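Visitor: Next up is a structure, given as structure tokens.
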Amino acid sequence: MTSKELNMKLIELLPEIKRLYEDETSWQEGDETGSHTVFSDVFFPYILNNIEDIKVTKKNFDIIEKILELHDEYADEVITLSILENLFYEQLDVQKYKKHLGDLTKEIFEKFGE
């Protein structure tokens, strides 16, 4: 999967961040902007800003799980390093979102605690 494909997948699954995405990528390489940049500078802050909203948080983690279900090496790397690792080190109250983690997400997330 290319950066562009992964970026488009994120917008497809979460169209409500399209404006934030465009703001971030318009001054870079557009849709070709690296997915690590997009996920860490657009999706990750969106997750944090909505962590108190149970419905949005559930949707965000459903999206993470759907991307992991693609079993694409690049997509897995982006989710792991740009989202899950950042969440782990953010030291948020894990209980606010842990119940929303899918099986693949939990598997990766738990490795950070080892």
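Visitor: Somewhere in region 35-52, is a residue within 17 Å of residue 99 (Cα to Cα) and assigned to a helix (DSSP H, G or I)?
Guide: Initial filter on region 35-52 (within 17 Å of residue 99 (Cα to Cα)): 47-48, 50-52.
If we keep only those that are assigned to a helix (DSSP H, G or I) as well, we get 47-48.
Yes, region 35-52 contains at least one residue that is within 17 Å of residue 99 (Cα to Cα) and assigned to a helix (DSSP H, G or I).
Visitor: Going through 5, 65 one at a time, which residue ends up being of a type outside the set (Gly, Ala, Ser) and closer than 22 Å to residue 90 by Cβ?
Guide: Values: 5 fails: closer than 22 Å to residue 90 by Cβ.
Within the list 5, 65, the selection yields 65.
Visitor: Of a type in the set (Asp, Glu) and free of Cβ contacts under 8 Å to residues at least 40 places away in the same chain, is that true of residue 90? Steps first, answer last, please.
Guide: Working: of a type in the set (Asp, Glu): yes; free of Cβ contacts under 8 Å to residues at least 40 places away in the same chain: no.
In short, no.
Visitor: Could you check region 69-114 and list, in sequence order, the residues that are modelled with pLDDT under 85, farther than 20 Å from residue 46 by Cα and in a helix (DSSP H, G or I)?
Guide: 110, 111 - these are the residues of region 69-114 that are modelled with pLDDT under 85, farther than 20 Å from residue 46 by Cα and in a helix (DSSP H, G or I).
Visitor: A follow-up question, please. Can you tell me which of 38, 78, 42 is in contact with a His (Cβ under 8 Å, 6 or more places away or on another chain), hydrophobic (A, V, I, L, M, F, W, C) and closer than 16 Å to residue 9 by Cα?
Guide: Values: 38 fails: in contact with a His (Cβ under 8 Å, 6 or more places away or on another chain); 42 fails: in contact with a His (Cβ under 8 Å, 6 or more places away or on another chain).
That would be 78, the only listed residue that is in contact with a His (Cβ under 8 Å, 6 or more places away or on another chain), hydrophobic (A, V, I, L, M, F, W, C) and closer than 16 Å to residue 9 by Cα.
Visitor: Only residues in region 98-114 that are open to solvent by 100 Å² or more (accessible area, probe 1.4 Å) count as the first member; pair them with residues that are modelled with pLDDT of 85 or more, Cβ under 8 angstrom, at least 6 apart or cross-chain, and list the lot.
Guide: These pairs meet every condition: 103/65.
Visitor: Sticking with this one: Determine whether residue 46 is under 13 Å from the mean Cα position of the chain (by Cα) and modelled with pLDDT of 95 or more. Before you say what the answer is, go through the steps one by one.
Guide: Numbers: under 13 Å from the mean Cα position of the chain (by Cα): yes; modelled with pLDDT of 95 or more: yes.
Criteria met by residue 46.
Visitor: Please go through region 1-34 and pick out each residue that is over 19 Å from residue 68 (Cα atoms) and either open to solvent by 80 Å² or more (accessible area, probe 1.4 Å) or in a loop (DSSP other than H, G, I, E, B) (or both).
Guide: Residues satisfying the conditions are 16, 18, 19, 22, 23, 26, 27, 28, 29, 32, 33.
The values are calculated or read from the model by the stated rules, or taken from the named source; none is laboratory data. Note that the structure is predicted; figures quoted are calculated from it, not measured. Note that we place each Cβ from the backbone using ideal geometry, even for glycine, and neighbour counts take in every protein chain shown. When the accessible area is computed, the model is the full protein with side chains, heavy atoms only, and any ligands, DNA or RNA have been set aside. Shrake-Rupley method; radii C 1.70, N 1.55, O 1.52, S 1.80 Å.
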